[in-house]
Every structure is written in structure tokens, then in C-alpha cells.
Amino acid sequence: MPAILLPCQVEVGAFETLRQFASGNSPDSRVTLVFHFRDLERMGFVDPGTGDVLLRVNDRLVAIRDLAGALVQAVRTPPGLYATEVQPASFGLGLSRNLLLVTFEERELGVRGAA
């Protein structure tokens with residue numbers, strides 16, 4: 001599946017984690033991105049019938065880009081960063097969902113040839 005581009009906010013401290021992760025030094029391989037439901041709905045990532053977000057656990061984070069589309073930070077794979085938690089985080093004044101938090105974490109590499 002091709003990569004998709006979605007506007008989001010990178011949580012404070014996460015950019016430094018991404019930078020270290022890309023260089024092979026990942027003491028904390030956890031990054032949280034904050035998406036606005038309005039953007040997700042506009043771009044077709046919320047099912048209009050059910051209201052379910054189409055971002056899922058195990059989706060892979062490929063890169064962080066700026067608003068112009070220029071690469072800010074690529075994510076090395078393997079090991080890669082994969083969504084481990086996808087959940088609404090805030091409700092607006094009209095009790096509609098505002099924000100979606102998606103947490104990405106490093107996936108453990110499997111052992112090959114274990115007997």
C-alpha cells in the first residue's frame with residue numbers, strides 16, 4: 001500500500017526521539033502524533049457510516065514531512081515504528097471528537113531459525 005500524507009502535530013519531545021531513532025540510537029522509541037478529526041474526515045479517513053477512524057493499530061510510520069511536503073525525518077525500517085494505540089483524545093464544545101492520538105512504537109524483531 002502506498003504511503004499517505006496526513007496533517008498532524010508531533011508531540012513535544014517526539015522529534016528528538018525520531019532523530020535519535022533514525023541514527024540508530026533509540027533509547028525511547030515511542031512517538032505520539034495528534035490528528036484533528038476535521039482533517040481526517042475531509043481526507044476520507046473516517047468512515048461516514050460508522051464514524052470509525054481508518055487509521056489502525058499496526059499501521060507503519062514512514063516519515064515526518066513539513067506542510068510543503070519536504071522530508072523532515074525518515075523512519076528506518078527495520079525496525080520501524082508501528083501504531084500501537086489509536087484513540088480519540090478530546091471532545092469539543094458540541095461534544096464532537098476533536099483530536100485523535102496515535103502512538104507509534106518500535107516493533108520487536110523476530111528471531112529467525114530458532115529451533
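Things to note:
- Pair list, Cβ < 6 Å and 6+ apart or interchain, from segment 59-81 residues that are on the phi < 0 side of the Ramachandran plot to residues that are assigned to a loop (DSSP other than H, G, I, E, B) and small (Gly, Ala, Ser): Arg60/Gly80; Val62/Ala3
Listed here are the residues, each with its yes/no results for (1) over 23 Å from Glu41 (Cβ atoms); (2) over 13 Å from the mean Cα position of the chain (by Cα); (3) crowded, with 17+ Cβ neighbours inside 10 Å.
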residue: Arg65; (1), (2), (3): no, no, no
residue: Leu71; (1), (2), (3): yes, yes, no
residue: Ala74; (1), (2), (3): yes, no, no
residue: Gln87; (1), (2), (3): no, no, no
residue: Leu93; (1), (2), (3): no, yes, no
residue: Ser96; (1), (2), (3): no, yes, no
residue: Leu100; (1), (2), (3): no, no, yes
residue: Thr103; (1), (2), (3): no, no, yes
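- Taking the conditions (1) more than 12 Å from Leu6 (Cα to Cα); (2) of a type outside the set (Asp, Glu); (3) surrounded by 12 or more Cβ atoms within 10 Å (Cβ to Cβ) in turn, Phe37 satisfies each one other than (1).
No lab work stands behind these numbers, since they all come straight from the coordinates. Everything quoted here is computed from the prediction, not taken from an experiment. Cβ: placed from backbone, ideal geometry, glycine included. Neighbour counts: every protein chain shown.
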